[in-house]
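First the structure, in the form of structure tokens, and then the observations on it.
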Amino acid sequence: QVQLVESGGGLVQPGGSLRLSCAASGIIFRINTMYWYRQAPGKQRELVAAIFSGGYTNYADSVKGRFTISRDNAKNTVYLQMSGLKLEDTAVYFCNVRVRGVEYWGQGTQVTVSS
């Protein structure tokens, strides 16, 4: 079955950096578009970044220039490098993949930006 396992969240000060990882199994990783979403308390889940099989990337306006999504097909892992973190980046971050019309989510990893 499809499994997505996120890691790398934590507490960081404003301006700091974190790298999130999402290890995937049960899919042909290299052919799938991988997504990072986030959900802040009381808000809807929002798309943060996407990386397509060919390496093309797309970002939400709110994170452009600060976040970088990347993938390692040999490790079946997608990453989200976050820098210049702001208070408003505080959220649970989720990895997502869509396989034959079905969406799969990881359990999420908490990112808290606080001084």
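The values are calculated or read from the model by the stated rules, or taken from the named source; none is laboratory data. Only a predicted model underlies this, so the values are computations on that prediction, with no experimental measurement involved. Because the Cβ atoms are built from the backbone with ideal geometry, glycine has one as well, and the counts that use them run over all protein chains shown. Protein only, heavy atoms only, side chains kept; ligands, DNA and RNA dropped before computing areas. Shrake-Rupley method; radii C 1.70, N 1.55, O 1.52, S 1.80 Å.
Quick rundown of the values:
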read-out	value
Extension gain (nm, one decimal) between residue 19 and residue 83, 0.36 nm per residue minus Cα-Cα	22.2 nm
14 Å reach of a label modelled at residue 114, 7 Å along Cα-to-Cβ, counting backbone N of the stretch 66-99	87-92
Accessible carbon and sulfur surface of the chain relative to its total accessible area, %, 1.4 Å	48
The stretch 1-101: chymotrypsin sites (Phe, Trp or Tyr not before Pro) in DSSP coil with no more than 11 other Cβ atoms inside 10 Å	56
Qualifying aspartates and glutamates (Cα of each under 19 Å from Cα of residue 86; at least 8 residues distant if same chain)	46, 61
Theoretical gain in end-to-end length, residue 75 to residue 1 [0.36 nm per residue, Cα-Cα removed]	24.9 nm
The chain - accessible surface per residue (Å², probe 1.4 Å)	53
Length-normalised contact order for the chain - Cα pairs under 8 Å, 6+ apart - percent	37
